[in-house]
Every structure is written in structure tokens, then in C-alpha cells.
Amino acid sequence: MNTSNLKQHGIALIIFLAISFVLCLPAFQGKVLQSHDNMSWKYMSQEAMQTYEQQGGSIYWSNSMFSGMPSYTFYGGAGYGNYLATVLFKTNDILPRPFFLLFIGFICFYVLASSLRWNQWIRIIASTAFALSSYNPILAIAGHDTKFLAIAFAAMSLGGIIYILNNQHWKGAAIFTLGTALLLTSAHMQIIYYTLMMYVILGISMLVYYIAKKQTQGLVKKIIFIVLAGIIGILPALSSTILTKDYSKYSIRGGKSELTPIGDEKKQDGGLDKDYAFSWSNGIGETFCVLIPRLYGGGSSESYKGETYNLVAERAGEDQAENFSKNLPLYWGPQPFLSGPIYFGAIVVFLFVLSVFLIRSPHKWWIVISSVFFILLSVGKHFSAFNYFLFDHLPLFNNFRTPSMALSIPMFLFPVLGFWALNDILNGKIAKEDVLKYLKISTLIVGGIVLVVGVFSGMFLDFRGDGDGRLLEQLGGSQAQPILDAIIEDRKSAAMKDGLRSLFLIMATAATLWFFMKEKLKAMHVLIIVGLLSTIDLLSIANRYLNSDAFTDKDLAEQAVQPRDVDAQILQDKDPFYRVQDFTINTYNDAKPSYFHKMVGGYHPAKLEIYQDLIERQLTPGATNNSAVYNMLNTKYFIVPAGQGKAQVIPNPNACGNAWFVPSLQYVNTADEEMKALNAPNLFDTTHVDGHFDPKKTAIVRTTFKAQIPQEINSIDSSAYVKLNKYGLNELQYESSNTQDGFAVFSDIYYAGGWVASIDGKESPIIRTNYVLRGLFVPKGKHNITFTLKPHTLNATKPLSMLGCVLVLALFGFGLFQSRKEGNDRMDSANG
């Protein structure tokens with residue numbers, strides 16, 4: 001690569017580093033982002049991470065949540081052979097958050113912009129527009145690191161394909177291979193799925209184009225490079241991807257409950273329930289937030305000084321008003337809550353519309369079609385005829401939720417097409433009369449939308465949300481309604497102000513381009529004006545969310561993982577394996593106690609389907625709360641409210657322990673019968689009920705497993721025992737003693753995806769027992785029993801992942817070296 005290109009890329013890197021540093025300055029001053037999802041990850045992965053640090057190797061299981069589940073959905077350990085993952089995530093951990101994320105966002109889009117051979121400064125401006133698009137800073141604050149990285153790497157991989165389509169085969173193969181490998185390494189399956197959808201649209205569009213132009217011979221070579229590079233790019237993450245896919249068959253994301261629904265209960269036939277999956281559907285009108293950020297209020301906790309501030313200041317003083325106005329519930333759209341809007345930038349949207357009229361490249365149509373397609377996906381249930389059809393019929397699509405996430409793809413396609421138009425206008429590639437004609441039309445279209453939808457929004461929108469009723473209840477008293485009215489006025493005001501703001505940006509950009517076409521401004525003047533306007537616009541919106549208030553002192557953040565008095569009390573018990581249930585929190589939506597204990601509850605969006613069934617039918621707090629089920633799960637301690645915000649520990653003397661022999665088996669034919677057989681009194685119901693399930697006396701087994709139990713079990717030796725000798729995440733070792741053949745029940749969760757049992761080294765079938773537990777037929781005598789987790793696909797795929805890392809890096813280096821023969825440097829220099 002020549003000196004000129006190195007200098008240009010160096011300038012770009014310095015600018016990207018500077019902007020990332022400024023936005024993350026508090027992080028370099030010792031402060032940290034206390035991101036909810038990062039903290040949840042820390043809580044849920046603590047046991048696995050601690051075990052990895054002590055023992056090394058890969059960790060496949062965790063007992064910290066939901067009585068046990070595979071850990072490879074949230075903790076990768078050694079990466080299962082994907083050393084790219086190790087480097088990527090360790091770099092993200094070492095550098096102050098979210099500096100690395102933002103910098104990666106800049107670089108990945110810069111690669112995409114470079115594939116289009118734009119002016120160097122337009123590449124920088126467009127990369128800044130993408131990286132600062134409000135969704136990226138919001139993702140960084142929320143701790144959605146993998147989602148952020150996946151979106152960025154999707155843009156990078158697209159750049160590789162465009163290089164190949166532009167006949168820069170080796171450079172394109174190098175970038176596409178690395179981009180694909182990193183995209184899959186991010187392991188955000190929903191963004192990966194969306195990216196594949198985009199590539200399907202791109203592939204069909206380009207195939208039609210090349211056939212129409214009768215250029216199929218050249219197309220074959222491009223396809224070969226794309227396919228081979230893609231195959232190599234898949235290899236590093238092959239092991240973890242297949243493990244995750246294998247697990248999905250047993251999880252609420254891809255599994256299927258065998259239970260018959262009761263009442264209003266819904267059981268999705270393999271995949272998520274529709275109501276759950278479509279909760280975060282963008283409102284149709286809310287889509288215009290890509291153009292006007294606070295059209296729907298912004299976020300559920302916005303900082304805004306207006307009527308509410310004045311009202312509270314008048315009644316309670318300015319200090320109270322200041323605190324209250326920092327967390328106003330301005331968002332009033334149909335989603336349950338929102339951290340902030342997905343704002344592409346008024347200038348970006350304006351240039352996108354202008355480019356639809358001006359660009360003559362075959363790439364235009366697949367970009368427009370993709371953008372429209374993903375916008376339709378984002379509205380979810382508000383366009384149910386389209387989205388429910390896809391949910392019901394597209395393979396694996398019903399594994400995903402949060403339709404609004406689909407806007408991630410247009411988030412980088414809009415600046416691609418938009419700044420393409422700016423590049424071609426400034427380079428004189430488009431006729432003057434066409435630019436002036438469509439500049440006027442685009443200004444009328446986009447400016448008119450902003451004027452009507454934003455500036456005059458009060459004439460069409462009522463600014464009242466579904467959550468306002470709950471807000472009234474929370475505020476309470478005679479002051480509630482006046483405060484809500486003030487908040488509604490602030491919503492109107494925020495929408496109008498942002499509408500005026502967007503209108504100014506559009507008109508200023510249109511005027512700048514008009515003056516350029518009239519030869520009153522030079523190209524560099526346009527770049528400076530548009531670049532500054534776009535950057536200031538997006539930087540200021542990003543700063544609404546990613547600012548000093550988003551960071552906290554490191555010491556305060558560390559306090560979030562300090563044990564409560566009740567936690568410290570329980571931790572005095574040095575037994576390595578027992579469970580805890582916490583009734584002082586949202587039991588099945590809070591991972592924090594998992595940092596300290598092995599929990600019956602926890603938080604994870606893809607828990608085991610059989611365990612979800614158990615929660616819904618037997619472990620609902622305040623409803624079923626089945627005492628016998630808690631006992632069989634070896635729930636040794638309950639944390640319960642003690643009044644005035646305090647908590648207390650209640651030991652459970654009836655916990656069954658880690659394993660036990662039962663005197664009898666009860667065979668059932670169906671899942672419904674199996675679940676019903678578990679029925680027992682509520683945990684806090686002291687009324688004795690005869691005939692209820694007692695896990696110490698009976699084990700419930702499906703008749704499908706009967707053939708794996710050699711003989712009837714109808715008695716128990718009173719001195720028989722099964723005890724845990726060695727606790728581990730991938731392996732558990734027990735010792736048993738019995739004077740007769742018996743059936744042992746283990747409080748460990750049944751998972752058909754890899755657990756193997758052996759008795760004295762000889763493999764023995766694991767019997768699903770009591771709907772969610774493991775059982776074994778154990779011959780008489782003394783025995784050593786071992787459970788080892790050996791994921792079915794790991795031995796075959798881990799070597800391929802390790803080889804893939806080598807091949808990706810080799811192809812990346814070789815591809816860049818070979819690209820010199822294609823004259824890449826000469827073309828980059830001519831177009832830079």
C-alpha cells in the first residue's frame with residue numbers, strides 16, 4: 001500500500017481514536033459504565049469464570065441459575081477452539097468500556113466505505129455517522145457488547161463482498177473472511193440471522209443484474225471467492241455456534257414443551273411465544289424516530305427541563321425538580337420501555353432519500369429493498385400479517401425476540417447509500433440538472449415529513465402511552481394528574497424541538513449542496529459543512545445517553561456485587577452444592593443472587609424448556625410454590641422479606657440433599673401426568689395434605705424410560721446412601737452404598753445434550769426423573785458414580801475451530817498481499 005494511502009488511513013484512525021476517547025473520557029478517569037446487561041452477565045457467569053480461572057479449560061455448565069444449565073450460552077471460557085473470541089473479548093475487557101466498541105464501530109464502517117472507493121473525507125464522515133448513530137451508544141451503555149460488535153462486523157463483512165463484486169477479489173476475500181469470522185464470534189444470533197437475510201436480498205438482486213447484463217462468466221468467479229471465503233470465515237466459531245444451536249433444541253428459544261396449555265397459557269410449538277417475542281415492536285409512527293429522535297419521547301428515563309421541571313420546582317423546590325427532571329418517563333410508544341431512540345441522523349436520512357433518485361448503481365436497489373424489508377420487520381406485531389407469517393414459517397425465526405432490533409441493518413445501509421450520493425455529487429459524476437431537480441424533490445419530501453410529523457406533531461399525536469396509568473399509580477395523590485399533564489406537555493415540546501432541529505439540519509444540508517451546484521461553494525467547503533453538521537448532530541444525540549452521568553465511580557460499582565447480610569449468612573455454609581431461592585427479588589428475572597449462590601431462580605432469556613415448565617406449573621411465587629419440588633431441588637435456604645426493606649434467611653430442613661435412593665417408582669405415560677404427579681402443598685401452606693408428592697419416597701418416571709430400568713423398585717435399604725464426593729461444573733463424583741439394587745435420584749438438572757453417567761467407569765443410562773432431574777438405576781453394593789458433561793458435537797468441531805482461526809489469519813494476510821496484483825492501491829489513490 002503506498003505512502004499516500006497509509007497517511008489517509010492514519011488520519012482516519014487518529015480521528016476515530018480522538019472521538020472515541022472524548023466520548024469515553026470518564027472511563028479513562030477511573031469511572032465505569034454500570035451497564036445492566038454487563039452486570040447481569042457478571043452475576044450469572046461468576047461461578048463459571050471463577051472455575052475457569054482456578055482450573056482452566058472450557059466450562060460447559062453452571063449451577064448458579066435455574067438449578068443448572070449449559071454455560072456456553074453466556075460464558076465461553078477458553079473459546080472452544082475459537083482463539084479469535086479470546087482475543088476479541090479480552091481486548092474489550094482490558095480497554096475501558098465502551099472505548100473499544102466505539103472504535104471498532106468506526107473501523108468496520110470505514111472498511112465498508114473504502115470498498116465503495118469514496119473520497120477519503122466522506123469515508124470518515126460516513127463512518128462517524130454510523131458509529132455515533134444513537135443505537136450504538138445506547139447499546140454500549142446497556143452492556144449489549146455482543147450486539148454492538150455483531151452490527152459492526154456485519155458492516156465490515158459487507159465491505160468484503162463489495163470489494164469482490166468490484167473485482168478486487170483477494171482484498172475482498174480477506175476482509176469478508178475476517179468480517180464473517182468476527183461476526184459469528186460475536187455470537188449474537190439475531191444479528192447474524194438478519195445479516196444472512198440481507199445477503200439473500202443482495203444475492204438475488206445481483207444475480208438478476210448480472211443475468212440481465214449477460215455477465216454471468218464474471219459472476220462465477222465472484223461467487224467462488226465469496227463462498228470459499230465464507231466457508232473459512234465460518235470455521236473459527238463453528239464449535240460454539242453448533243453447541244448453541246444444539247442447546248436451542250432444549251431451550252425456550254427452540255425447544256417444544258410437551259405440556260398441554262391450561263387456560264390462557266400459550267405454548268409455542270418450538271420457539272418463543274408470540275406475545276413475548278413481539279413485545280418490543282416498533283410502533284409504525286415510531287419508525288420516524290430515525291429522523292426525529294424525540295418524536296416518541298426518546299427513552300423511558302430522559303433528562304429534560306420543561307413544564308414538569310417548572311411544576312415540581314414551584315411545589316417542591318429546584319433541587320427536587322432537578323432530580324425529578326433527570327429521569328422523566330418521556331417515552332410513550334408501544335414498547336414496554338426504552339433506553340433511547342434509534343436515530344440515524346436527519347442528514348443521513350435526507351441524503352438516503354436523495355440517493356434513491358440519483359444513484360445509478362445496481363447496489364441501490366438491494367439496499368433500498370433491504371432497508372424497507374428490515375423497517376417492516378422492526379414494527380413487528382403492528383404489521384402482523386407480514387411478521388407473524390415470517391415468524392411461523394421462516395426456519396429458526398421464532399427463536400428471536402425484539403423486532404425493533406431489525407433497524408440495526410438499515411442503520412448502516414442508510415449511510416452507505418446516503419453518502420454515496422454525496423460522493424458522486426462532489427465528484428461531478430451526476431448531471432447538474434439532475435442534482436438540482438432531485439435536491440428540490442428530496443428536500444420537499446424529507447423536510448415535509450419533519451414539518452408535519454415533528455414540528456406540528458401536536459396536531460396528530462396525543463403523546464399518551466400505555467404506561468401512563470401505571471405512572472399515575474406510582475405518583476399517587478392529588479399531584480399525580482398535574483405532573484402527568486406536565487410530562488405530556490414536555491413530550492410535545494421535545495418532539496417539536498427535535499423536529500425543528502432536524503428541519504434545520506436538512507435545510508442547511510440542502511442549501512449547502514445547492515450553493516455547490518451553483519458554484520458558490522467548493523467541494524471542500526461542502527465536506528466541512530456537511531461533515532460538521534452531521535457529526536455535531538449525532539454526537540449531541542449520543543451525548544444525551546453516553547455522558548458523564550452514565551458513568552459511576554469504580555468503588556460504587558463494586559458495591560453492587562457486595563453480599564447482603566443474608567448472603568453472608570448463607571455463605572457461612574461451606575457445603576459445596578446446595579440451592580437458594582430468593583423471594584425478595586423478581587425471582588426469575590434477576591441474576592444478582594447468582595453471583596453468590598446456586599439459585600433456583602436467576603435470569604437468562606434462553607433457559608431450559610423443561611425448567612420453564614416447572615416454573616410455570618410448580619414454582620410460581622405466591623401461587624403454586626410447590627414445597628416438595630423445592631425439596632427435590634435441594635433448596636437449603638429461602639431468602640424472604642422481613643419488612644422495612646430487609647430480608648431474612650429461612651433454612652429448609654426438608655431439602656433432599658444432592659442424591660438419595662427412593663423406595664418406589666411411579667410410572668406415567670405423558671408429560672401432563674408427570675407434572676401433575678409432582679403436585680404438593682404451597683411452601684408457606686402448613687396445612688397437611690395426604691397423598692401428595694414426596695420426593696424422598698417416590699420418583700416419577702415416564703414409561704419411555706422403563707426399559708432402561710432392569711427391575712422393579714419397591715423397597716429401600718434404610719442404611720443405603722448416595723453422597724457427593726467431588727463437586728465440579730463439568731463433572732460430579734458420587735459414592736453410593738446399598739445392599740440391594742436401587743434407584744437413585746440426583747438433584748441435578750436433566751440435560752440430554754451431553755451429560756454422561758458412569759458407574760465404576762461403565763456408562764449407565766440417565767433416566768429423566770421428576771420431570772427435570774436425573775435418575776440412575778444403581779446395582780447393589782458400593783459404587784463410584786460420575787456425571788461428566790461431554791457436549792455431543794465438541795470433539796468433532798473444536799479442532800475445526802482451531803484450524804479455522806489459522807486459516808482466517810492466513811487468508812487475511814495472503815489476501816491483502818495478493819490484492820496488490822489487482823491494482824488496489826492505484827484505485828484507492830485515484831479515488832481517495
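The values are calculated or read from the model by the stated rules, or taken from the named source; none is laboratory data. The model shown is predicted, which means the values in this text are computed figures rather than measured ones. Note: ideal-geometry Cβ built from the backbone for every residue, glycine included; neighbour counts use all protein chains shown. To get the accessible areas, we keep the full protein, side chains included, count just its heavy atoms, and leave off ligands, DNA and RNA. Shrake-Rupley method; radii C 1.70, N 1.55, O 1.52, S 1.80 Å.
Annotations for the structure displayed:
- Looking across Asn547, Asn589, one residue alone is under 27 Å from the mean Cα position of the chain (by Cα) and surrounded by fewer than 14 Cβ atoms within 10 Å (Cβ to Cβ). It is Asn589.
- Residues of the range 170-226 that are open to solvent by 60 Å² or more (accessible area, probe 1.4 Å) and basic (Lys, Arg): Lys213, Lys214, Lys221.
- Checking each residue in the range 41-57 for being surrounded by 21 or more Cβ atoms within 10 Å (Cβ to Cβ) and not charged (D, E, K, R) picks out Tyr43, Met44, Ser45, Ala48.
So that you can scan it fast, the table gives a plain yes or no per residue for (1) of a type in the set (S, T, N, Q); (2) at pLDDT 95 or above; (3) under 23 Å from Gly105 (Cα atoms):
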position: Pro415; (1), (2), (3): no, yes, yes
position: Tyr438; (1), (2), (3): no, yes, no
position: Ile445; (1), (2), (3): no, yes, no
position: Gly454; (1), (2), (3): no, no, no
position: Arg470; (1), (2), (3): no, no, no
position: Leu475; (1), (2), (3): no, no, no
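- Residue within the range 621-643 that is at pLDDT below 95, farther than 14 Å from Phe583 by Cα and assigned to a loop (DSSP other than H, G, I, E, B) present: no
- Applying the criterion of at least 1 residues that are within 20 Å of the chain's Cα centre (by Cα) and at negative phi to the helices (runs of 4 or more DSSP H) found wholly in the range 349-451 leaves 363-378, 384-393, 408-426.
- For the range 26-54, the tally of residues that are touching a residue at least 12 places away in the same chain (Cβ under 8 Å), in a helix (DSSP H, G or I) and farther than 20 Å from Thr587 by Cα stands at 7.
- Residues that are surrounded by 17 or more Cβ atoms within 10 Å (Cβ to Cβ) and among the aliphatic types (A, V, I, L, M), drawn from the range 478-495: Ile483, Leu484, Ala486, Ile487, Ile488, Ala494, Ala495
- Asn387 out of contact with any Pro (no Cβ under 9 Å at 6 or more places or on another chain), touching a residue at least 60 places away in the same chain (Cβ under 8 Å) and polar (S, T, N, Q): no
- Search result, residues across the range 297-323 that are in a loop (DSSP other than H, G, I, E, B), under 23 Å from the mean Cα position of the chain (by Cα), on the phi < 0 side of the Ramachandran plot and buried (at least 19 other Cβ atoms within 10 Å of the Cβ): Gly299, Ser300
- The single condition from (1) under 22 Å from Phe400 (Cβ atoms); (2) open to solvent by less than 40 Å² (accessible area, probe 1.4 Å); (3) free of Cβ contacts under 8 Å to residues at least 12 places away in the same chain that Ala142 fails is (3).
- Those helices (runs of 4 or more DSSP H) of the range 193-278 in which at least 3 residues are touching a Ser or Thr at 6+ places or on another chain (Cβ under 7 Å) and of a type outside the set (Ser, Thr, Tyr), considering only elements entirely within it, cover 216-234, 238-248.
- Test set (1) more than 26 Å from Leu503 (Cα to Cα); (2) open to solvent by less than 20 Å² (accessible area, probe 1.4 Å); (3) not aliphatic (A, V, I, L, M) - Pro293 fails condition number: (1)
- Of residues in the range 625-663 being polar (S, T, N, Q), at positive phi and surrounded by fewer than 23 Cβ atoms within 10 Å (Cβ to Cβ), the one farthest from the chain's Cα centre (by Cα): Gln644
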